[in-house]
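The values are calculated or read from the model by the stated rules, or taken from the named source; none is laboratory data. Because the structure is a prediction, the values reported are computed rather than measured. Methodologically, a virtual Cβ is constructed for each residue, glycine included, from the backbone with ideal geometry; neighbour enumeration extends over all protein chains shown. For the accessible areas, the whole protein counts, side chains as well, though only heavy atoms, and no ligand, DNA or RNA atoms are used. Shrake-Rupley method; radii C 1.70, N 1.55, O 1.52, S 1.80 Å.
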Amino acid sequence: MSKKTAVYGMLTALAFLLSYVETLIPFSSAVPGIKLGLANLVVLTALYCLGYKGAFVISMVRIVLAGLTFSSLSVMLYSMSGGLLSFLCMALARRFRLFGITGVSVLGGVAHNLGQLLAAALVVQTGSLLYYFPALLAAGTIAGTLIGLLGGWVTERLEPFLQAGK
C-alpha cells in the first residue's frame, strides 16, 4: 500500500509541476483556452500503467491543486469540466481498444476542449461560444498528437516500474 501511495503521490506531483511549467510558457492565441496539456502526459501514462482509478485520482487531484494554486475558482470549474469529459472519453477508448495511445490522447485533448467550451456556454448562457470549437478541435488534435506520441514513448519505458506500484 505504501508503494502505491508513493507512486500516486509522485505522479500527482509531476502532473502538478507540469501544470506550473505550462503557466510559464508564453502562449497566446485568438482563441481562449488553448494550451499544450503537458499534465495530460502524466494522466495518459497513468491510464496505461496504473489503470483507470489511479489515472482518475491523479487527474482530479492535479486539477484541484493547479486550480487553487495558479488560477481562480471559475477557471478550475472549466478545467474540471474538461478534465472529466476528457478522462471519460480516454477511459472508454482505452477500455474498448478504439485507438492506440496517440489516438486516445487526441480524443482526450479534443474532449477536454469541448468540455470546457460546454461549461463556458452554460455559464454565460449562450451557444455562440461553440463557434470556437473548430479552432479548439484543431488545437486539441495537435496537442493530443504530441502528448500521445510522447506518452507512448514514456509509457513504454516506465511501465515496468509503474506496474510495481499497482
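So, L14, is that one open to solvent by less than 60 Å² (accessible area, probe 1.4 Å), under 20 Å from A143 (Cβ atoms), free of Cβ contacts under 8 Å to residues at least 40 places away in the same chain and part of a helix (DSSP H, G or I) or not?
no
Does L88 meet the test of being within 15 Å of G37 (Cβ to Cβ), open to solvent by 70 Å² or more (accessible area, probe 1.4 Å) and at pLDDT 95 or above?
no
One line per residue, one yes/no per condition, for (1) over 23 Å from L137 (Cβ atoms); (2) in a helix (DSSP H, G or I); (3) in contact (Cβ under 8 Å) with a residue 60 or more places away in the chain:
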site: A6; (1), (2), (3): yes, yes, yes
site: T23; (1), (2), (3): yes, yes, no
site: F27; (1), (2), (3): no, no, no
site: I58; (1), (2), (3): yes, yes, no
site: L68; (1), (2), (3): yes, yes, no
site: A91; (1), (2), (3): no, yes, no
site: F99; (1), (2), (3): no, no, no
site: G103; (1), (2), (3): no, yes, no
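If only one of L117, L107 is at pLDDT below 95 and either surrounded by 21 or more Cβ atoms within 10 Å (Cβ to Cβ) or more than 19 Å from L41 (Cα to Cα) (or both), which one is it?
When all the criteria are applied, what remains is L117.
For segment 32-41, enumerate the residues that are buried (at least 24 other Cβ atoms within 10 Å of the Cβ) and part of a helix (DSSP H, G or I). Show your work before the answer.
Initial filter on segment 32-41 (buried (at least 24 other Cβ atoms within 10 Å of the Cβ)): 37, 39-40.
Listed by number, the list holds a single entry, N40.
Since Y132 meets every condition but one in (1) among the aromatic types (F, W, Y); (2) open to solvent by less than 70 Å² (accessible area, probe 1.4 Å); (3) over 13 Å from the mean Cα position of the chain (by Cα), which condition does it not meet?
It fails just one condition, (2).
How many residues are open to solvent by less than 10 Å² (accessible area, probe 1.4 Å), at pLDDT below 95 and under 14 Å from T5 (Cα atoms) if we restrict to segment 42-53? Give the steps one after another, and end with the answer.
Taking segment 42-53 and keeping what is open to solvent by less than 10 Å² (accessible area, probe 1.4 Å), we get 42-47, 49.
From the residues that got through so far, the ones that are at pLDDT below 95 too are 49.
Of the ones still in play, those that are also under 14 Å from T5 (Cα atoms) are none.
Qualifying residue count for the region: 0.
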